[in-house]
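Before any comments, here is the structure.
The values are calculated or read from the model by the stated rules, or taken from the named source; none is laboratory data. These figures come from a predicted structure and were not determined experimentally. Here the Cβ positions follow ideal geometry from the backbone for every residue, glycine too, while neighbour counts run over all protein chains shown.
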């Protein structure tokens, strides 16, 4: 689940801010524009949509170790590794 904090960091990565215990945003970067609640909400939705398609892909891709091993031994991805990666990409297309 994408949080309000993740959205704010994505919108204004250099800003300093706090979310109080009551959920109120305390903006501490006078030189950086504070995002509106609408911008934050839209960014949460956008980031969640990305996570919703990326998470299953990550879980089903061959491990990085297996991919690197394939590259090392064949000098490129062999047809089996290419097919495995393509199958995951086809199963979970980008939105």
List the residue pairs whose Cβ atoms are under 6 Å apart, where the first residue sits in the stretch 50-63 and is without any contact (Cβ under 8 Å) to a residue 40 or more places away in the chain, the second is surrounded by 14 or more Cβ atoms within 10 Å (Cβ to Cβ), and the two are 6 or more positions apart or on different chains. 56/92; 57/88; 57/92; 60/88; 61/88; 62/84
Selected residue (criterion: nearest to the chain's Cα centre (by Cα)) from residues of the stretch 16-36 that are within 24 Å of residue 49 (Cα to Cα) and surrounded by 11 or more Cβ atoms within 10 Å (Cβ to Cβ): 35
How do the pairs read when you match residues in the stretch 21-45 that are touching a residue at least 40 places away in the same chain (Cβ under 8 Å) with residues anywhere that are surrounded by 10 or more Cβ atoms within 10 Å (Cβ to Cβ), using Cβ under 8 Å and keeping only pairs 6 or more apart or on different chains? 44/2; 44/3; 44/4; 44/6; 44/7
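One line per residue, one yes/no per condition, for (1) assigned to a helix (DSSP H, G or I); (2) surrounded by 15 or more Cβ atoms within 10 Å (Cβ to Cβ); (3) touching a strand residue (DSSP E or B) at 6+ places or on another chain (Cβ under 8 Å); (4) in the same structural domain as residue 8 (by TED's automatic domain parsing):
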position: 42; (1), (2), (3), (4): yes, no, no, yes
position: 45; (1), (2), (3), (4): yes, no, no, yes
position: 49; (1), (2), (3), (4): yes, no, no, yes
position: 67; (1), (2), (3), (4): yes, yes, no, no
position: 70; (1), (2), (3), (4): yes, yes, no, no
position: 77; (1), (2), (3), (4): no, yes, no, no
position: 80; (1), (2), (3), (4): yes, no, no, no
position: 83; (1), (2), (3), (4): yes, no, no, no
Could you grab the pairs with beta carbons closer than 7 Å, sequence gap of 6+ or different chains, first residue in the stretch 64-76 and modelled with pLDDT under 90, second one outside any helix (DSSP H, G or I)? 70/77; 70/78; 71/77
Go through (1) touching a residue at least 40 places away in the same chain (Cβ under 8 Å); (2) out of contact with any helix residue (DSSP H, G or I) (no Cβ under 6 Å at 6 or more places or on another chain) for residue 83 and report which single condition fails. (1)
